[in-house]
């Protein structure tokens, strides 16, 4: 599959914060494909923020595939689950009506009081992906141990990955694309 345009739409974890974009999980897709890969991660963004910049940062690139990964900032801003879900669905609708293949990145665990709300959002995103037949990249699973505890060795500040964590995310993304026959 050549001449494919892939856009990663998200917030700080998509960007690669606190490092450079070249250290993000998105770079692993660039390295493993001959695609045009665009990192449209902006730290602090919510689903609503991403919707508001959709034309400039996504649609103007005429993407074939878009991976949406967010939710942590929505939860941190104390948005209700229905608000977050509505914002995600609005964004998703805009992408799907343009026949863009949408992938969803599952938010990482966080070592903050907001983990409970984020857990609810993760469960809803999994259900949404199943209902809409979307590919889910389960980044979450690599950041918890066998006992279900957060792997602190992969997180820098309880939220953002260390470089090792970003590398693991990149491997997970590539593996998921391969398992779903999106790349060889």
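Computed from the coordinates by the stated procedures, all read-outs in this text should not be read as laboratory data. This structure is a prediction, so every number in the text was calculated from the model and none was measured. With ideal geometry, Cβ positions are generated from the backbone for all residues, glycine too; neighbour counts draw on all protein chains shown.
Before moving on, here are some points about what is shown:
- Extension gain for residue 90 to residue 111 (0.36 nm times residue separation, less C-alpha to C-alpha distance): 4.7 nm.
- FRET E, pair residue 36, residue 180, Förster distance 22 Å, beta-carbon r, rounded to 0.05: 0.65
- Summary of the geometry: region 122-184 and region 1-58, compared by the centres of their Cα atoms, lie 15 Å apart.
- Point-to-point label distance, residue 78-residue 134, nm (Cα→Cβ direction, 7 Å offset): 2.7 nm
- Residue among 78, 159, 128 with the largest mean-square fluctuation in a Gaussian network model of the chain, springs linking Cα atoms under 10 Å: 78
- Intensity falloff of region 119-172 expressed as log10 I(q)/I(0), Debye formula with alpha-carbon point scatterers, at q = 0.22, 0.23 Å⁻¹: -0.90, -0.95
- Selected from 156, 103, 95 as most flexible by GNM, with the chain as the system and alpha-carbon contacts under 10 Å: 156
- Counting only DSSP H runs of at least 4 residues, each contributing -39500 (n - 2.57), and dividing by the residue count of the chain, the helix-based mean residue ellipticity at 222 nm comes to -12000 deg cm²/dmol.
- When Rg and the Kirkwood Rh are both derived from Cα coordinates, the Rg/Rh ratio for region 5-179 amounts to 0.93.
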